[in-house]
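Presented below is the structure to which this report refers.
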Amino acid sequence: MKVDQHGENGKIKVIITGATGMVGGGVLHECLHHPDVEQVLVLGRKSCEIRHPKLREIVHTDLFDVSPVKEQLSGYNACFFCLGVSSIGMSEAEYTKITYDLTMHVAEALAESNPDMVFCYVTASGTDSTEQGRSMWARVKGRTENALLKLPFKSAYMFRPGYIQPTKGLQNTHPYYAYVSWLYPALKLLIPAYVTSQKEIGNAMIHAVNRGYESSILQCKDIARLAEPAR
């Protein structure tokens with residue numbers, strides 16, 4: 001993907017989904033504290049329970065039908081789509097409904113209302129772009145990525161994190177991170193291709209809007225590179 005200076009003449013006005021989850025919560029935290037982000041709209045089925053001058057929120061219980069709130073979703077130049085579920089215990093049909101159908105419904109509505117939007121989508125390391133592999137979740141994620149890249153956004157970026165190091169003090173972190181977080185420095189050194197952090201993901205998304213990136217699919221090394229401050 002050609003690098004473009006998406007946000008060089010203006011501030012970022014971003015819609016965030018999945019803000020009550022681990023990844024979305026970390027992205028929201030970085031957006032609220034980043035000088036380039038002017039406005040944040042959280043769209044979700046329940047409140048993120050955060051108050052901040054930059055932040056406003058739409059609580060909408062049925063994200064499969066955003067038509068009642070569609071007018072409120074216009075005027076934004078970025079979307080950081082962090083909503084997702086684990087495939088454990090789910091059939092392919094169930095997982096597809098949430099991962100593909102819901103994502104595409106929201107994304108299509110945003111593309112129609114915001115043609116100048118940069119769309120960043122959180123998938124996972126191991127996603128199958130061919131849609132033909134043995135792993136169900138990887139096929140569905142790959143199908144979702146491929147469909148998103150065809151929508152008429154200004155640009156779209158697929159974020160594929162592996163292990164994600166939580167930001168200290170943030171909520172919505174899985175309990176098992178308390179037992180493995182101390183390994184992060186070693187993991188980052190030994191297997192950087194599979195390790196990132198909430199902070200890196202948030203900053204990389206912000207920089208994707210302002211700077212662009214040469215690839216539409218970002219692995220952990222790409223996320224780390226894009227998260228670095230401008231030189």
Looking at (1) more than 15 Å from A109 (Cα to Cα); (2) out of contact with any Phe, Trp or Tyr (no Cβ under 8 Å at 6 or more places or on another chain), can you tell me which one V27 breaks? (2)
On the basis of being under 16 Å from V118 (Cα atoms), modelled with pLDDT of 80 or more and touching a strand residue (DSSP E or B) at 6+ places or on another chain (Cβ under 7 Å), does S216 make the cut? yes
Within segment 100-122, which residues are open to solvent by less than 10 Å² (accessible area, probe 1.4 Å) and among the β-branched types (V, I, T)? T103, V106, V118
Of the residues in segment 140-150 that are more than 11 Å from C79 (Cβ to Cβ) and touching a helix residue (DSSP H, G or I) at 6+ places or on another chain (Cβ under 8 Å), the one that is surrounded by the most Cβ atoms within 10 Å (Cβ to Cβ) is K141
Residue count, segment 38-96, condition open to solvent by 60 Å² or more (accessible area, probe 1.4 Å) and among the basic types (K, R), comes to 4
Please tell me if R211 is touching a His at 6+ places or on another chain (Cβ under 8 Å), at pLDDT 75 or above and open to solvent by 40 Å² or more (accessible area, probe 1.4 Å). yes
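The values are calculated or read from the model by the stated rules, or taken from the named source; none is laboratory data. All of these numbers come straight from a predicted model, not from anything done at the bench. When we count neighbours, we look across all protein chains shown, and the Cβ atoms used for this are built from the backbone with ideal geometry, even at glycine. Quick note on the areas: whole protein, heavy atoms, side chains included, nothing else; ligands and nucleic acids left out. Shrake-Rupley method; radii C 1.70, N 1.55, O 1.52, S 1.80 Å.
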